[in-house]
Structures are given as structure tokens and as C-alpha cells.
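Below is one structure, written out as C-alpha cells; comments come after it.
The values are calculated or read from the model by the stated rules, or taken from the named source; none is laboratory data. Keep in mind that this is a model prediction, so the values were computed, not measured. A quick note on method: Cβ atoms are made from the backbone with ideal geometry, for glycine too, and the neighbour counts reach across all protein chains shown. Heavy atoms of the whole protein, side chains included, go into the accessibility calculation; ligands, DNA and RNA do not. Shrake-Rupley method; radii C 1.70, N 1.55, O 1.52, S 1.80 Å.
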Amino acid sequence: MSAANPADWSTVRLGEVGQSLIGLTYSPGNVKRSGTLVLRSSNIQDGALAFENNVYVDSDIPDKIRVLENDVLICVRNGSRRLIGKSVILDKRVVGQTFGAFMAVYRSDANPFLQYFFQSDDFKNQIDAHLGATINQITNGSLNSFVVALPPKDEQNAIAARLKDADQLIATLQRLIAKKQAIKQGMMQQLLTGRTRLPGFSGDWPIVPLFDLVDIRNGQVDPRDETYRNMTLVAPDQVEAGTGRMLFRASAADQRAISGKYLVDVGDIIYGKINPHLKKVARATEASLCSADMYPLSPRPGVDGGYVFYHLLGDNFTNFAVSLSRRSGIPKINREGLRGYTMPLPGQKEQRAISSALGAIDAQIETLRTRLTKARAVKVGMMQQLLTGRVRLPMEASS
């Protein structure tokens, strides 16, 4: 906690202004198809409530741990250390529900302001100071002992309102991205199957084997070869599931634990062979290496790599790959399995037109993602200034 907090702010412990509650312990026998929703770590995604992975129980639940509006839900125990402390303020949608034993709820009248403290570096630093060497857990006592700088009530409200505006901008951008992604999925389903044709194109499409369109270049790269020492290495965890986006690149030297490295040329398609339902598909924008967990596919002459890329990202190919991996009993698709896949193939000009149309909406999504990244960075900067009192908001003079 900074020593430079304003003189009219109070430095308090969380236990002095509210209470933290540890959640429900339940057995597998209590889990039902319906009942009381148990909020868990998976119900917090990107700082918001998510309901894709719910657990319901049929058991007696003390009133004390039925959640209220404006409770702050916090992950206090998890196998992953980085998830400790992730939080969300709860709204009317979950009032009366409960939360699991690996979670805590912090309850106070100051929560509209304190929700942002729980997102701050100050809170994360205090978590790091209290975590044990081997157990990823914050105790109730630790949480109650955490220190926060608390401004007067009117300033709390003003700060919370300003940061809520930032949250609303972030939420708006997230909705726009989701809408564009849904449009892209619809376009893929129509354009890649020929149900909808772009202007100027007609005629039937032949069905051809995937291996007539691409080569799999499986030559293993010798990691001792100086030629490849400084090249970037692409692995499945660097490809965003279902979007075709590359998340980051790592130097080959940083990925020595990955056995087998394969050379990838610009324009090659990189396909993750493990868990095909994740749609780990990307295109190489530079010469690089890929791990042995991915197939490098090189488009043959006369084939538009973008068209093949979007087809492999689509549902038809994914359903084929998932079905094949299930038959083998291993969540993995092998090279021979890929050999059996066939796909519709328009002429090269139409291939390019389709990949250009889909690439254009990808560019729009990427622009929105850039705006989202900036909006999140602005919010972080605002929190650093407003939650410490380094920047004060103008307060209306009381009459």
C-alpha cells in the first residue's frame, strides 16, 4: 500500500468494513441436473459472469452463503496459481444461488468501489505475499487482513462510476467481436459449401481429396543446426482455438521441451493434431518452425491457401476430424486419417474471392480486438491512478 494516499482516505483491512465467506462443500451425490447453481472459478471469464460450465446441487444451503447482489466472488483456491484472486461482482441473475468451497464471497456496502480493488495490482501483490509455497490458497483470515485505501463515500461512488464507464466500453467491444465472429461463422457455412456464391461465379464444384490440394512436409529439423536456432516456434497453445489467430511466438530456444520441430514456409497452414474439436488452425506469416504436435500443410500450385485454411477451420472438417479421433480412442488425428478427407473445390479465382471475403471480416475482428486491448489498458491505467488517489476526480461541493 502506497504511503502517499490522500489524507482524507482511510487505510483499513477488509475484515473491518465487510466479511468474507467460504463457500459450500458438497459431494458428487449432491450434483443434479437442476437445483441451486454453485458458482465456481469457471463461472468467471474475463472479469464477467459466464454460464457455459455450470454445476447444480440439491442440498441444504445455509442462508449465509446464498449470494446477494453486489457480493464479490473470488477464487481463493485452485490448482493453477495464476487463477487465485480472479473475481467478479455478482448481479441479480445469481441472487439466491451459492458458491463452491474453493471460492469466497466478500460482502460489504463498499463493494461497488471495492470490486475494482479486487482487480488491482495492489490486491494481486497482497495475494502473492500470503500464498504458501506449495498450496495455492488464500485463507479467510488472509483475505480479511488485506489492506485497502478507502476514500469517502461520495468519492468511492465517483471512482466506481468512472471505472464502470470503462467496463461498459469493454463489454460493448466484446459484444461487437462476438457478433462479428458469428457473422464470420455464418459466412463460412455458406461460402465454403457453395450454398451462397459470390457475384460473378457459377458452375458446379468438384469434390476432391484434401491431399490433392496440400502436401504435408514432415521433415524433422535438427535443433543443433544453426540455421534454425533463432527461428520462432509455433506450438498448439500459441493458436487461439476456433479463430485461426496466432496468440504469440516463442523462440525455439525457449521451447526445448517440445520434441520434434518442423519447418514451415510463409502461407503454410499449421494444424494441431491433438483434440481436433479445439480447431487449432493457423497460417504462417513468416518462415518458422512448428512443433511435432502440429501438421504443416503446404498448398500445391494453383491452390489458394486461404481457402483451404478457412475450410479446415470450418465445422465440416472439424466434425470429420473429431469423428475420426473418437474411432481411434485417442483425441488425435493422424496423417492417414487426413488422407481420407474430401472437400468441395471452386476455381482458383473463386477460392481467392472466398478467402478474401473471409479475410476482410477477420481484419474487422482484429481491429476490434486492438480497440479492446487499448480499452483494457486504459482501464488499468485509470485504476492505478484513481484507486491510489494520485488522480482525484472533481467532487460537487455539498450545499
Flagged in segment 102-135 as over 20 Å from Pro6 (Cβ atoms), of a type in the set (A, V, I, L, M) and outside any strand (DSSP E or B), in numbering order, are Ile127, Ala129, Leu131, Ala133, Ile135
All-but-one check, Leu192 against (1) open to solvent by less than 30 Å² (accessible area, probe 1.4 Å); (2) in contact with a Gly (Cβ under 9 Å, 6 or more places away or on another chain); (3) more than 30 Å from Tyr307 (Cα to Cα), failing number (3)
Of the conditions (1) at negative phi; (2) at pLDDT below 95; (3) within 29 Å of the chain's Cα centre (by Cα), the single one that Ser27 does not satisfy is (3)
Of (1) touching a residue at least 12 places away in the same chain (Cβ under 8 Å); (2) open to solvent by less than 50 Å² (accessible area, probe 1.4 Å), Thr11 fails just (2)
* To do: Inspect segment 125-132 for any residue being β-branched (Val, Ile, Thr) and in contact with a Lys or Arg (Cβ under 8 Å, 6 or more places away or on another chain) and give the result as yes or no.
  => no
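Residues Gly132, Gly186: which one is modelled with pLDDT under 95 and out of contact with any Leu (no Cβ under 9 Å at 6 or more places or on another chain)?
Selected residue: Gly132, the only one of Gly132, Gly186 that is modelled with pLDDT under 95 and out of contact with any Leu (no Cβ under 9 Å at 6 or more places or on another chain).
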Pairing a residue in segment 274-301 that is farther than 17 Å from Leu312 by Cα and of a type in the set (S, T, N, Q) with any residue that is outside any loop (DSSP other than H, G, I, E, B) and at pLDDT 90 or above, where Cβ atoms lie under 9 Å and the two sit 6 or more apart in sequence or on different chains, gives Ser288/Ile270
Over segment 339-384, the set of residues of a type outside the set (Lys, Arg), more than 30 Å from Gly194 (Cβ to Cβ) and open to solvent by 70 Å² or more (accessible area, probe 1.4 Å) is Thr373, Val378, Val380, Gln384
Taking segment 136-158 and keeping residues touching a Phe, Trp or Tyr at 6+ places or on another chain (Cβ under 6 Å) and either exposed (fewer than 14 other Cβ atoms within 10 Å of the Cβ) or assigned to a helix (DSSP H, G or I) (or both) leaves Gln156
Here the residues within segment 302-327 that are assigned to a helix (DSSP H, G or I) and either open to solvent by 70 Å² or more (accessible area, probe 1.4 Å) or acidic (Asp, Glu) (or both) are Asp315, Asn316, Asn319, Arg326, Arg327
Of the residues in segment 336-355, those that are touching a strand residue (DSSP E or B) at 6+ places or on another chain (Cβ under 6 Å) and either polar (S, T, N, Q) or within 17 Å of Asn275 (Cα to Cα) (or both) come to Thr342
- Query: Just a yes or no: is a residue in segment 260-272 at pLDDT below 70, within 33 Å of the chain's Cα centre (by Cα), over 23 Å from Glu336 (Cβ atoms) and open to solvent by 60 Å² or more (accessible area, probe 1.4 Å)?
  - Reply: no
Within segment 5-22, the count of residues that are in a strand (DSSP E or B), more than 29 Å from the chain's Cα centre (by Cα) and of a type in the set (A, V, I, L, M) comes to 1
Regarding Arg93, is this residue more than 19 Å from Leu131 (Cβ to Cβ), of a type in the set (Lys, Arg) and buried (at least 16 other Cβ atoms within 10 Å of the Cβ)?
no
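When only residues in segment 23-34 that are out of contact with any helix residue (DSSP H, G or I) (no Cβ under 8 Å at 6 or more places or on another chain) and either farther than 21 Å from Gln137 by Cα or assigned to a strand (DSSP E or B) (or both) count, which is most open to solvent (accessible area, probe 1.4 Å)?
Looking at the filtered set, the residue picked out is Arg33.
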Is it true that Leu37 is touching a residue at least 12 places away in the same chain (Cβ under 8 Å), under 21 Å from Asp122 (Cα atoms), surrounded by 18 or more Cβ atoms within 10 Å (Cβ to Cβ) and not charged (D, E, K, R)? no
Log entry, pairs with first residue in segment 50-73 being of a type in the set (Val, Ile, Thr), second being open to solvent by 70 Å² or more (accessible area, probe 1.4 Å), beta carbons closer than 6 Å, six or more apart or on different chains, reads Val57/Tyr26
